[in-house]
Amino acid sequence: MTDFHFYEPRSGHGLPHDPFNAIVGPRPIGWIATRDPASGVLNLAPYSFFNGFNYTPPIVGFASIGEKDTLRNCRASGEFVWNLATRELAEPMNQSCAAVPPEVDEFALAGLATAPSRVVSVPRVAASPVSFECRVSQIIRLQGAAGEEINTWLTLGEVVGVHIDRRLLVEGRYDTAAAQPILRGGGPADYFELGERFLMRRPG
């Protein structure tokens, strides 16, 4: 019989490191650009909890643990841009997660040039091969099973503009591996590169 480690999260996991992030992973990185509409200051920050949630219309979302600049800017402006974090951009992406005051522009901090968006007013990371321009559709404060509010907000945005480097379009198909996306793991410093691809067709 298989020997399982079992725990109830409310009572602690009993391990040197919480396994939850490592199990739910690796995950795409939510490298989110926003602008403070009052001051005009740009913000760029990576989020560990990010993913796509719908096809039509396309909707992406990220979770902010605590009310951070990105969340405040999304509330105030109703816009954000997701940028693909690649292996080549790993170091500046990491620099952009520094805990700095709201008046600091993380694009400048990480040495990243901006490129204009087409639909929203927030610029994108010029060096990123893929970007999604998004309009905020919902901001939801998460709750536990008993209904208690927790200090995490899920921001969902409809993708209203997509930028793709043409070198990643091979015979009209997006080449995921060629983009060299990096993925977030479970430890405080764990990241992954995309592994080997295999094909499996849906039945029916």
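The values are calculated or read from the model by the stated rules, or taken from the named source; none is laboratory data. Remember, it's a predicted structure, so these values are computed and weren't measured experimentally. Cβ coordinates were reconstructed from backbone atoms using ideal geometry, including for glycine residues, and neighbour counts include every protein chain displayed.
Evaluate the following for Gln180: is it of a type outside the set (Lys, Arg), under 16 Å from the mean Cα position of the chain (by Cα) and farther than 21 Å from Thr34 by Cβ? Yes.
Could you count how many residues in the range 169-201 are buried (at least 16 other Cβ atoms within 10 Å of the Cβ) and within 12 Å of Ala90 (Cβ to Cβ)? Number satisfying all stated conditions: 6. Considering the conditions (1) modelled with pLDDT under 95; (2) under 17 Å from Glu103 (Cβ atoms), Ala45 is excluded by exactly one of them, (1).
Taken as a whole, the structure places Ala99 among residues that are at pLDDT below 95, within 26 Å of Ala76 (Cβ to Cβ) and not acidic (Asp, Glu).
Within the option set Arg197, Arg135, being among the basic types (Lys, Arg), in contact (Cβ under 8 Å) with a residue 12 or more places away in the chain and touching a strand residue (DSSP E or B) at 6+ places or on another chain (Cβ under 6 Å) holds for one residue only, Arg135.
Filtering the range 110-148 to residues that are closer than 14 Å to Asn43 by Cβ and surrounded by fewer than 15 Cβ atoms within 10 Å (Cβ to Cβ) leaves only Ser121.
Can you tell me which residue within the range 121-144, out of those that are in a loop (DSSP other than H, G, I, E, B) and not polar (S, T, N, Q), is nearest to Asp175 (Cα to Cα)? That would be Pro129. Note on the range 74-90: among residues that are of a type outside the set (Ser, Thr, Tyr) and over 16 Å from the mean Cα position of the chain (by Cα), the one that is nearest to Ser64 (Cα to Cα) is Arg75.
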